[in-house]
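These notes concern the structure reproduced below.
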Amino acid sequence: MKYIILLTALLFAACSSTQFTIYKTSEDEPAWSVSVEKRVLGKFVCSINDSVVVEDSYLSFGSYFEKDGHYGGKNIKMIGSRTSHSNWDQEGNSHTSYTYYIRILIDEEEVGYFVF
């Protein structure tokens, strides 16, 4: 039983990844660390300075989402799109994989473009 729990935890950890960028608000203020984490089942979380600002996921048959949030008096927008790639193995079985594209906008200015 403990091996099943360990393997499940390993699977969830392997399916998540994080990318980040730095956003400079002004000369007088410290820069923001903007990160996007891809979690299992196509869920994406945008955090700024370790505070979750926006999170959303793709619908089962959807390929686009747009979600708004606020941080530090600014409007934050996360826009996600995905493309599917299908191929067939030697036995004729179809396999589908996805590439995810996430854009982060702060007050309508694109500050990050991430590919997962």
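Since every read-out is calculated from the coordinates, none of them should be taken as a lab result. The shown structure was predicted, so the numbers you read here are calculated from the model rather than taken from an experiment. No Cβ is skipped: glycine too gets one built from the backbone with ideal geometry, and neighbour counts run over all protein chains shown.
Things worth noting here:
- Lys pairs, the chain - Cα-Cα below 21 angstrom, 8 or more residues apart or on other chains: 7
- Taking every DSSP helix (H) stretch of at least 4 residues in the chain, weighting each as -39,500 (n - 2.57) and dividing the sum by the residue count yields a mean residue ellipticity at 222 nm of -3500 deg cm²/dmol.
- Rounded to 0.05, the FRET efficiency of the L41 and D68 pair, given R0 = 25 Å and the Cβ-Cβ distance, is 0.70.
- Gain on full extension, evaluated as 0.36 nm per residue between N49 and V115 minus their Cα-Cα distance, stands at 21.7 nm.
- Gap separating the Cα centres of region 15-29 and region 42-116, nearest whole Å: 16
- Label positions at E29 and E108, each projected 7 Å from the Cα along the C-beta direction, are separated by 1.8 nm.
- In degrees, nearest ten, helix 2-14 long axis to first principal axis of the chain (Cα): 50
- Whether region 2-115 is rounded, prolate or oblate, judged on the alpha carbon gyration tensor where a/c under 1.5 counts as rounded: prolate
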